[in-house]
Amino acid sequence: MGTNRKRVLSGVQASGNLHLGNYIGALRQFIDLQRDYDCYIFIADLHAITVPQDPKALRKQIRSVVNMHLACGLDPDKVTLFRQSDVSAHSELGWLLNTIATMGELKRMTQFKDKAGGKAEASVGVGLFDYPVLMAADILLYEADLVPTGEDQKQHIELARDLAQRFNHRFGRTFRMPKPMIPKIGARIMGLDDPSVKMSKSAASAGNRIELIDSEDVIRKKVSRAVTDSGSEIKAGPKKPAVTNLLTIMCALTDRTVAELEKEFAGKGYKEFKEALADTVVAALKPIQQTLAELEKNPKYVDEVLARGAEKARPVAERTLAAAKQAMGL
Ligand code: ATP
Ligand code: LTN
């Protein structure tokens, strides 16, 4: 275990059941990176409460997101896996960074615009508005070199870089510059029932996403109901956003290229392609679901993983927080 390995950090919100977009855009990257990088992965529960949550449901949800990370193959002996709210330095650095962030830059964040979607400004939560500053704190606390996420988080990571630069310029070099790490394939999986919106935990329609816990029946139904485009060819392209999305999912899960799949399905119809896609998804999720069922029987083990993760994360975060306070004259 060399100490000069690059540091990777990422968070996943505990805002609902994880779906194929989360898996392809984020979790799979964590699994690939855990061998060669010093990885810090956390459950972003403080981010999840920026939209209303029922406390009981949230507590359960946090557990299930941790379980799903483990079931997907995250190894707690290799990765520091923890709960954001267990490390109070996140909230503290978030406050310090608030004092250098501007309303203008936060108003430009597209996720905020999407989530606040048309609501009158007076009724939008301050936490939702301020969320990217907390995310910058998450990243900068651990001196992360790389931040693996889906495409939707790139703008937030750029904000973290801007805040780090501003802070370092004003108060002296304190923070390391993080870089986004966005997968080449599957950085933005789109909704199955509407390829113009992303697959999301919080999309109102269940047909938008395949959840990692969906049963074989449900997966087959969702895939067979997925919208397609005009024409019957299995081909990717700007005029075929729905089929492109389905091909992307299949590529990501099989490590094959779009060209290979287009060749395989040349002359075949949507029905045949969708059946093959459903088979692929079912096969990819089966081992994950089996491990998940085992983990759910062992809540003590998961408690222990989280306690160990928080113990490892705390001193790292506290060291950076202390340096930031010192630099600001606190
Ligand atoms: P919410 O709807 O609550 O915002 P979400 O489904 O967008 O949730 P997050 O917890 O915000 O999920 O994201 C966790 C990780 O999954 C992030 O790295 C994010 O970029 C990635 N991700 C989320 N949705 C997709 C998607 N549709 N395609 C690829 N990656 C995604
Ligand atoms: N905002 C992210 C979750 C998140 C995150 C982070 C990701 C919170 N803090 C730090 C990477 C690094 C999301 O909604 N997916």
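Express the Stokes-Einstein translational diffusion coefficient of segment 1-126 in µm² s⁻¹, to the nearest whole number, given a Kirkwood radius over alpha-carbon pairs, 37 °C and a viscosity of 0.692 mPa s. Mind showing how you got there, number by number?
Working: Rh = 16.4 Å.
Approximately 200 µm²/s, per Stokes-Einstein.
Over the alpha carbons of segment 71-170, what is the largest minus smallest coordinate on each principal axis, giving the biggest first in Å?
46, 36, 25
In Å, the Kirkwood hydrodynamic radius of the chain over pairs of distinct alpha carbons?
20.9 Å
Which whole number of Å³ per residue matches the convex hull of the alpha-carbon atoms in segment 263-303?
Taking the convex hull of the Cα positions in segment 263-303, it is 72 Å³ per residue.
Per the Debye formula with a single identical scatterer at each Cα and no solvent contribution, what log10 I(q)/I(0) holds for segment 179-256 at q = 0.17 Å⁻¹?
Here log10 of I(q) over I(0) equals -0.69.
Highest GNM mean-square fluctuation, the chain, Cα pairs closer than 10 Å: which of 174, 248, 99?
99
Please identify the trypsin sites (Lys or Arg not before Pro) of segment 157-209 that satisfy two criteria: DSSP loop assignment and at most 10 other Cβ atoms within 10 Å. Which are they?
184
Determine the percent antiparallel among the DSSP beta bridges restricted to the chain, to the nearest 5.
10 percent
So who's got an amide H within less than 5 Å of the one on residue 42, skipping anything under 5 residues away but keeping other chains? H placed 1.01 Å off N, in plane.
Residues meeting the amide H criterion: 10, 11, 12, 82.
Read the figures in this text as sums done on the coordinates, not as results from a lab. For clarity, every value in this text was computed on a predicted model and none was experimentally measured. Positions of Cβ are backbone-derived with ideal geometry, glycine not excepted, and every protein chain shown enters the neighbour counts.
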